[in-house]
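One structure is given below, encoded as structure tokens.
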Amino acid sequence: RVKQVVDWALDSGMYVILNIHWDGGWFSKFAEDEHKDECMYKYGRIWEQLTDEFKNYGDKLMFESLNEEGGWEKDAIIKHYCDFVKVMVESLSEEVTYWMTFNEPQCFIMMGYIMGTHAPFKRKFLTFRGIVRRMLLAHGEGVKVIRKTGNNHILAIKYFAAKGEYRMLGVPES
């Protein structure tokens, strides 16, 4: 069914972001050392299947994951995020030119941790600064992992701006 919907959207001239939004709770354990290997195994298997199925689809199909439930209240998530990036880059660096380290970080931060209307559905205003800090550190470390491949990748964070516009924040070379 996923392939059918992706094909319909692409055939209609649309761009597609394929992601894992709600997984039943195991994503939230990524930041816990005792569950990291199990989570990474599940995560790797899902993305191996998805990337194998869609590897020849081109730049109008994008993959996104691990921002909504990723355990952003714990510092350990930074290293675990880099492990996730490494899995993705090792699997896809030959096929992928454009990398977004985060898709709409304001959604998972503001709506997920402040308003409680988006996964992980928490209302913890005092965690805001720490979550933003961890997300930015994870972005910076993830960029380093991507650049280690030696490929000339284009990097960005995508965010939703006012009036329904999407913007990309490019990442300079240095």
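What number of residues within the range 143-166 satisfy the criterion of being at pLDDT 85 or above and either acidic (Asp, Glu) or farther than 15 Å from Thr97 by Cα (or both)?
Qualifying residue count for the region: 1.
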### Query
Taking the stated definitions as given, is Ala119 part of a loop (DSSP other than H, G, I, E, B) and at pLDDT below 85?
yes
### Query
Which ones in the range 107-152 are closer than 30 Å to Glu95 by Cβ and among the aliphatic types (A, V, I, L, M)?
Ile109, Ala119, Met135, Leu136, Leu137, Ala138, Val143, Val145, Ile146
#### Entry: Residue that is nearest to Leu10 (Cα to Cα) [pool: residues in the range 36-65 that are among the basic types (Lys, Arg) and either within 17 Å of the chain's Cα centre (by Cα) or crowded, with 16+ Cβ neighbours inside 10 Å (or both)]
Lys60
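Within the range 139-157, can you find the residues that are more than 15 Å from the chain's Cα centre (by Cα) and open to solvent by less than 70 Å² (accessible area, probe 1.4 Å)?
Thr149, Gly150, Asn151, His153, listed by residue number.
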### Task
Within the range 73-93, identify whether any single residue is in a loop (DSSP other than H, G, I, E, B) and either open to solvent by less than 30 Å² (accessible area, probe 1.4 Å) or at pLDDT below 80 (or both), and answer yes or no.
yes
### Query
Only one of (1) outside any strand (DSSP E or B); (2) touching a helix residue (DSSP H, G or I) at 6+ places or on another chain (Cβ under 8 Å) is not met by Thr101, so which one is it?
(1)
### Query
Restricting attention to the range 100-114, does a residue exist that is within 18 Å of Val16 (Cβ to Cβ) and either touching a Ser or Thr at 6+ places or on another chain (Cβ under 6 Å) or open to solvent by 70 Å² or more (accessible area, probe 1.4 Å) (or both)?
no
### Message
open to solvent by 70 Å² or more (accessible area, probe 1.4 Å), aliphatic (A, V, I, L, M) and modelled with pLDDT of 80 or more: which single residue out of Leu136, Leu169 fits that description?
### Response
Leu136
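The values are calculated or read from the model by the stated rules, or taken from the named source; none is laboratory data. The shown structure was predicted, so the numbers you read here are calculated from the model rather than taken from an experiment. In this analysis, Cβ positions are derived from the backbone assuming ideal geometry, glycine residues included, and neighbour counts consider all displayed protein chains. Ligands, DNA and RNA are stripped out before the accessible areas are found, and what is left, the full protein with its side chains, is counted by its heavy atoms. Shrake-Rupley method; radii C 1.70, N 1.55, O 1.52, S 1.80 Å.
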